[in-house]
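Everything below concerns the one structure shown next.
Since every read-out is calculated from the coordinates, none of them should be taken as a lab result. Quick caveat, the model's predicted, so the values are computed rather than measured. Virtual Cβ from ideal backbone geometry, glycine too; neighbours counted across all protein chains shown.
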Amino acid sequence: MGAAPVIAAIPMAGLAAAPALSGGSGPSAGTGGDAHVAMGHASMVGDAVPAPGGPGDLDDLLTPPPALPHQPGRVRRYTLAALDRDIEIASGVTFPAWTYNGTVPGPVIRATEDDILEVEFTNAGSHPHTIHFHGIHPSNMDGVFEIVEPGEAFTYRFPARPYGMQLYHCHAAPLKKHIHKGLYGAFIIDPPMPRRPAREIVLVMNGYDTDGDGENNFYSVNGRAFYYAKYPIRVRRSETLRIYLANLTEFDLINSFHLHGEFFRYYRTGSTDQFDYTDTVMQCQGERGIIEIDWHNAGRFMFHAHQSEFTDLGWMGFFDVADD
Ligand SMILES: [Cu+2]
C-alpha cells in the first residue's frame, strides 16, 4: 500500500496545548478562520495513534454492570454527582466539562425491567442541573421541573421500564449547553426474559466544541477521540458482541455507526424483537439502539461514523476479533 492515511485533522483551537503528533510532516495551510490543520501522516491503529490515556482507562464506561434476573420491586441504587471537571478529550486537548461523576459520558446505569431505580443526585457543580431519564416514569421524576441548585440534592425513584437501551442527560436550560458540556450517559433496562449470552459493551457517541462556535471540533465514542484506534477492543469470534449504542452528539443532527467486513442485527431502541440486518445505522440526537454482531471472520475490523468528517476528528476505532 502507499502512504499511511491521514487520521487526524486537529482544529486550530486545540493546537496551543497539543503536542507534536507522530510521523507528521508539519501542518498544512489552513482554509480560514474555521480551518482544520492537517497534522501530517500517522498510524491509523496502535500505539502511534495520538489518543489520550492508557489502556483500560475507559473500561468502566465500555463494560456495563452485569444484567440481573427479573425480580420486580428490587431496588437498584446509583449515586451521581455533577462535577465541573477539565478532561482530556483528544491528545493534548483539554475540555472544561460538566460531568456526572467526573467522566464524559457519565457512568452506565443498568436495571432490569420492574426494578425500582433509585438515583441519588448531588449537584457539586457550579450551575443548576437535573437528570432526565428516557423511559416511562411519573412527571415529577422527569428531570425537568425539579432544578437542583449547586449544593443541593434530589433522589429520582421510579420503576425501570420499558426494557431497551435508554439514556439520561441533564435537562436544565439552556439545554444545548448542558448536554454539550457532557452531562449524559447510558441507561440499560434489561428485559424480564434475559437476552441470550453475549459479550456486552456500551458505546456513547458524542462531540466537543472546543472553540465555542457552536460546531464540534472533535468526535468520539465514550469520550476520547481515537481512543479505540490506539487501543482496539478485543473480542472473540465465537462470542456474539452486543453493543448498546447511543447518540448524545450536540450541534450535529445525526451521528452514525458503521462496521467494516461484517453485518449485524440492529434493534432500534431495543424494546422489541424487531431488527434490521445491516452494516450502518444512523441515530438522531437522543436515539439509541442495540447492535448484535455474530462474527464470520477473525481479524481487525474498523468501526466509525460514516460521516467522514466525524471519523477524521476522532470517532473511529477497531475490533480485534480473535479466532478461538
Ligand atoms: Cu445541567
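Data table
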| quantity | calculated |
| --- | --- |
| If the convex hull is drawn through the Cα atoms of segment 157-240, its volume per residue in Å³ | 117 |
| Sorted by Cβ density within 10 Å, fewest first, the residues H178, H306, H169 | H306, H178, H169 |
| Compactness of segment 196-322 - radius of gyration and Dmax, Cα, Å | 14.2, 46 |
| Where a label projected 7 Å from the Cα of D142 along Cα→Cβ would reach, residues of segment 149-186 with amide N under 18 Å | 155-162, 167-176 |
| Distance histogram for the chain (every C-alpha pair counted, 10 angstrom bins, percent rounded to whole numbers) | 6, 27, 34, 23, 9, 1, 0 |
| Burial ranking of peptide ranges 284-290, 232-238 (average Cβ count within 10 Å, highest at the top) | 284-290, 232-238 |
| E149 paired with E118, simple spin-label distance in nm, labels 7 Å along Cα-to-beta-carbon | 2.7 |
| Segment 42-181 shape via C-alpha gyration tensor axes, a/c threshold 1.5 | oblate |
| In nm, spacing of pseudo-spin labels at D84 and K177 (7 Å Cα→C-beta vector) | 1.2 |
| Burial order of peptide ranges 60-67, 252-259 (average beta-carbon count within 10 Å, highest first) | 252-259, 60-67 |
| J(HN,Hα) series, segment 305-318, from Karplus relation 6.51 cos²θ - 1.76 cosθ + 1.60, nearest Hz, glycine and proline x | 5, 8, 7, 4, 4, 4, 4, 5, 9, x, 8, 7, x, 9 |
| Burial order of peptide ranges 109-116, 206-213 (average beta-carbon count within 10 Å, highest first) | 109-116, 206-213 |
| Spin-label model distance (nm) - D273 vs R76, 7 Å beyond Cα toward Cβ | 2.3 |
| Longest to shortest principal axis, alpha-carbon extents of segment 71-133, angstrom | 46, 25, 15 |
